[in-house]
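Enquirer: First the structure, then my questions, so here it is.
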Amino acid sequence: MIISKTPFRISLIGGGTDFPSYYNHNDGLVIGGTINKYCYVTARFLPNVFNYKHRIVWSKNEVVKNNKQIIHPTVKAVFDYLKISKGLEIHYQGDLQKNSGLGTSSSFCVGLINALKNLHGNKVNKHYLAKSSIKIEQDIMNENCGSQDQIWAAYGGFNVIKFNKKGNFEVNRIKKSKKMIRSLDQNMFLIYTGINRFSDNIEKDKIKNLDKNLNNLDKIKNIANHFVENINNNFSIDLCASLMNDYWDIKKKLSKKVTNPFIN
């Protein structure tokens, strides 16, 4: 039996520039990191004494006789991508609710790939996990999503992710002092709004309006660069706050679905 533990993430600045339709022409830059909340995937080979092939336990309890009958879209896509043929039992558990804006779906995708590859005796690196989950979500599942969540889940940590025009990415760990981390920690807090939403609907609207928003995305990337300079040089928590506020003001212009009166 294999149990994978994959972190959820908080994206601070740069969201939107991680859409392939943007960074394949303009490069992209995002800053953020993972938190101490996780999803857990348990995987084991299922003995062939049952009258079904796979058992998949999430908010539903699926028992299916072949891969085509799988309901969970991520499980089905990952099984097809990895060409799973032996019977499996999969269990998913999470520290936080799905669709809560913390990259939970990508964390599950990365965790599932990691668990299944290790179950079959193949240890894989972070780059493989990130690239595979990006391909599965964007090309196989046809999700409207960027490329940062998968990388956060695979790499963990507090990082700067750079996307280039060739579709590649570079992950750089932020040089962090205890003083800086303490300052960020003492000046930020995470609120559970009770709102759950499918990010696909929001991201689809952003992508649809991407041509109209190129100028705003360029501004977001510029703010992200200033944020990196701030945390790497003469760190100022006030400047962090100001830049994040500027970013939020621009992000709201990418789509009317980004926020609502309650959030505001």
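Enquirer: Only helical DSSP H runs with n ≥ 4 go in: add -39500 (n - 2.57) per run for the chain, normalise by residue count and round the 222 nm mean residue ellipticity to 500 deg cm²/dmol.
Expert: -12000 deg cm²/dmol
Enquirer: Which entries of K212/K252; K98/K178; K126/K252; K98/K176 have Cα-Cα distances beyond 22 Å here?
Expert: K98/K178; K126/K252; K98/K176
Enquirer: Might you tell me the accessible area per residue for the chain, computed with a 1.4 Å probe and given in Å²?
Expert: Dividing the accessible area of the chain by its residue count gives 54 Å².
Enquirer: I need the trypsin sites (Lys or Arg not before Pro) found in the stretch 149-182, filtered to DSSP loop residues with at most 14 other beta carbons within 10 Å of theirs.
Expert: Filter output for the stretch 149-182: K165, K166, K175.
Enquirer: Would you kindly find the accessible area of S59, with a 1.4 Å probe and non-protein molecules such as ligands, DNA and RNA excluded, rounding to the nearest 10 Å²?
Expert: For S59, the solvent-accessible surface is approximately 90 Å².
Enquirer: Continuing with this model, one more query. Take the chain, connect every pair of alpha-carbon atoms lying under 10 Å apart with a spring to form a Gaussian network, then pick out the residue of Y40, Y92, Y52 with the largest mean-square fluctuation.
Expert: Taking springs between Cα atoms under 10 Å, the residue moving most is Y52.
Enquirer: Here is a follow-up. List the extent of the Cα atoms of the stretch 1-145 along each of their three principal axes, largest first, rounded to whole Å.
Expert: Extents along the principal axes, in whole Å: 53, 30, 27.
Enquirer: Among the lysines, which have Cα under 22 Å from the Cα of K53 when same-chain residues fewer than 8 positions away are ignored?
Expert: Counting by Cα, and skipping residues close in sequence, K53 has these lysines nearby: K65, K68, K76, K83, K86, K117.
Enquirer: Work out, in µm²/s and without decimals, the Stokes-Einstein translational diffusion coefficient of the chain at 25 °C, 0.890 mPa s, Rh from Kirkwood over C-alpha pairs.
Expert: After rounding, the answer is 126 µm²/s.
Enquirer: Between the stretch 88-148 and the stretch 236-264, how many Å separate their Cα centres?
Expert: Each part's Cα centre sits 28 Å from the other's.
Enquirer: Taking K and R as +1 and D and E as -1, what net charge do the other residues with C-beta under 13 Å from the C-beta of K68 add up to?
Expert: Here the count lands on +1.
Enquirer: While we're here: At most 16 other Cβ atoms within 10 Å and a DSSP loop assignment: could you name the trypsin sites (Lys or Arg not before Pro) in the stretch 3-81 that fit?
Expert: Passing sites in the stretch 3-81 are K60, K65.
Enquirer: Moving on to the next point. Which aspartates and glutamates, on any chain, are close to K253 with Cα under 14 Å apart, when same-chain ones fewer than 8 places away are left out?
Expert: E203, D205, D211, D218
Enquirer: Expressed in nm², what is the orientationally averaged projection area of the convex hull enclosing the Cα positions of the stretch 205-259?
Expert: Projected area, direction-averaged: 3.8 nm².
Enquirer: In terms of the Cα gyration tensor, with a ≥ b ≥ c the square roots of its eigenvalues, is the stretch 110-264 rounded because a/c is under 1.5, prolate because a/b exceeds b/c, or oblate?
Expert: In terms of gyration-tensor shape, oblate.
Enquirer: For the stretch 109-145, which trypsin sites (Lys or Arg not before Pro) are both in a DSSP coil and crowded by at most 10 other Cβ atoms within 10 Å?
Expert: Qualifying residues, ordered by number: K123.
Enquirer: Could I ask something else about it? Suppose every Lys and Arg Cβ carries +1 and every Asp and Glu Cβ carries -1, with no other charges. What dipole size does the chain come out with about its Cα centre, to the nearest 20 debye?
Expert: 600 debye
Enquirer: In percent, what relative contact order does the chain have, based on Cα pairs under 8 Å that are 6 or more apart in sequence?
Expert: In percent, rounded to a whole number, it is 24.
Enquirer: Share of antiparallel DSSP beta bridges in the chain, in percent to the nearest 5?
Expert: Around 90 percent antiparallel, to the nearest 5.
Enquirer: Okay, next question. Using a 1.4 Å probe on the protein chains only, how many percent of the accessible area of the chain belongs to carbon and sulfur?
Expert: Carbon plus sulfur share of accessible area: 49 percent.
Enquirer: While we're here: About its Cα centre, what dipole magnitude does the stretch 127-217 give when the only charges are +1 on Lys and Arg Cβ and -1 on Asp and Glu Cβ, stated in debye to the nearest 20?
Expert: Rounded to the nearest 20 debye, it is 580 debye.
The values are calculated or read from the model by the stated rules, or taken from the named source; none is laboratory data. None of the values given here were measured: they were computed from a predicted structure. Note that each Cβ is placed from the backbone with ideal geometry, even for glycine, and that neighbours are counted across all protein chains shown. Heads up: the accessible areas ignore ligands, DNA and RNA and are worked out on the full protein's heavy atoms, side chains in. Shrake-Rupley method; radii C 1.70, N 1.55, O 1.52, S 1.80 Å.
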